[in-house]
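I have placed the structure first, in the form of C-alpha cells, so that the comments after it can refer back to it.
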Amino acid sequence: MRFLGGNRSCGLAPKPRAGGNSPGAHSVIRSVEELIGAILGGLLELLAEFLLEVALGELAGLLARLARRFRVTVRRSDPLTGTLVFTLVGVAFGFLSAWIFPHPLVHPSRFHGISLLISPVLTGFAMAWIGRAWQRRGRNSVRIESFGYGFTFALALALIRFWLVR
C-alpha cells in the first residue's frame, strides 16, 4: 500500500521474502494436509467398520433364513429379549471378527472411535433397507433386518472390536 502516491509501505502488508513464500506457509500447508489425511482416514475407518458390520449382520440374517428353511422354529419373543439376543450375537461376532482380523481394518486415524458412533447408525439404516427390499419382493424379512435390531447388533460388535483391536 502506498501513502499518497509515495513509495513507502504502510506496514500492514507482508513484505515478500527472497525465498518466495512466507516462513509459515509450509507449516500451514503441512497442517492442512494432515487435517485432510485425518478426515479421509476417519472416513475410511468408518466405511470399513460399516461394511464389516453389514456383512456380519447379513450373515446373521442368512443363518436365520437357513434355520427357517429347515423348519427350525423359534418362538417370537418380546422386544427386550430380542434386543438381548442380538446384543449377544453382536458380541459373539465381535469376538469372532477380532479373532479373524486381530488388527484394525485400516490404520486408525486421529478420530479413532468415530466408527463406534456413526457406523452402528448407518448399519441400522442399511439393515432396515435390506429388510424393506425383502418385503417388497414379497418375502419375509428376519428380525435383524430392522433398524433397532441392526443397530443393536452393530453397536455390540463395534464395542467389542473397539475394546480388543487397537
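Hey, can you tell me all the residues within segment 73-89 that are among the hydroxyl-bearing types (S, T, Y) and modelled with pLDDT under 90?
Selection gives T73, S77, T81.
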Going through P120, P104, P108 one at a time, which residue ends up being touching a helix residue (DSSP H, G or I) at 6+ places or on another chain (Cβ under 8 Å), within 13 Å of L47 (Cα to Cα) and at pLDDT 90 or above?
P120
Conditions (1) at pLDDT 75 or above; (2) farther than 30 Å from E33 by Cα; (3) exposed (fewer than 13 other Cβ atoms within 10 Å of the Cβ); number of the one not met by L63:
(3)
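The values are calculated or read from the model by the stated rules, or taken from the named source; none is laboratory data. Only a predicted model underlies this, so the values are computations on that prediction, with no experimental measurement involved. Glycine gets a Cβ as well: all are built from the backbone with ideal geometry, and neighbour counts include every protein chain shown.
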